Amino acid sequence: MQTAAITGALLTAAGLGGYVVGVLVPYPGRSLSLTALMFGLALVTIGLAAGGVEP
């Protein structure tokens, strides 16, 4: 499940970047950055656990 971990890492990075930009400049839909961050962290955890690595 390396794909899940990699996808999660990319989604986490995008969510974190969106959150930082949202703090500096308000834009419509910025709440989605928190959703992306949560899903990204969940995917990283699932991907690592399926690969036999304890997070």
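The values are calculated or read from the model by the stated rules, or taken from the named source; none is laboratory data. Bear in mind that the values here come from a model prediction, so they are computed numbers and not experimental data. Side chains are part of the model used for accessible areas, which takes the heavy atoms of the whole protein and leaves out ligands, DNA and RNA. Shrake-Rupley method; radii C 1.70, N 1.55, O 1.52, S 1.80 Å.
Quick one: compute the contact order of the chain, relative version, from alpha carbon pairs under 8 angstrom and 6+ residues apart, as a percent.
Values: 70 pairs, mean separation 28.8, N = 55.
Relative contact order, the chain: 52 percent.
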Inset, instruction - Mind sorting out which of (1) 12.2; (2) 12.9; (3) 11.3 is the real Kirkwood radius over Cα pairs in Å computed from the coordinates? - result: (3)
Legend entry - Residue-averaged 222 nm ellipticity for the chain, from DSSP H runs of 4+ at -39500 (n - 2.57), nearest 500: -26500 deg cm²/dmol
Inset, instruction - Quick one: among LEU41, LEU32, LEU16, which has the greatest mean-square fluctuation in a GNM of the chain with alpha-carbon springs under 10 angstrom? - result: LEU32
Inset, instruction - Report, to the nearest whole %, how much of the accessible area of the chain belongs to carbon and sulfur atoms, 1.4 Å probe, protein only. - result: 77
Inset, instruction - Pull out the extension gain between MET38 and THR3, defined as 0.36 nm times the separation in residues minus the alpha carbon to alpha carbon distance; nm, one decimal. - result: 10.9 nm
Inset, instruction - Could you work out how far helix 2-24 tilts from the main Cα principal axis of the chain, as a 0 to 90 degree angle to the nearest 10? - result: 20
Inset, instruction - Report the full-extension gain for the segment VAL23 to ILE46: residue separation times 0.36 nm, less the Cα-Cα distance, to one decimal in nm. - result: 5.4 nm
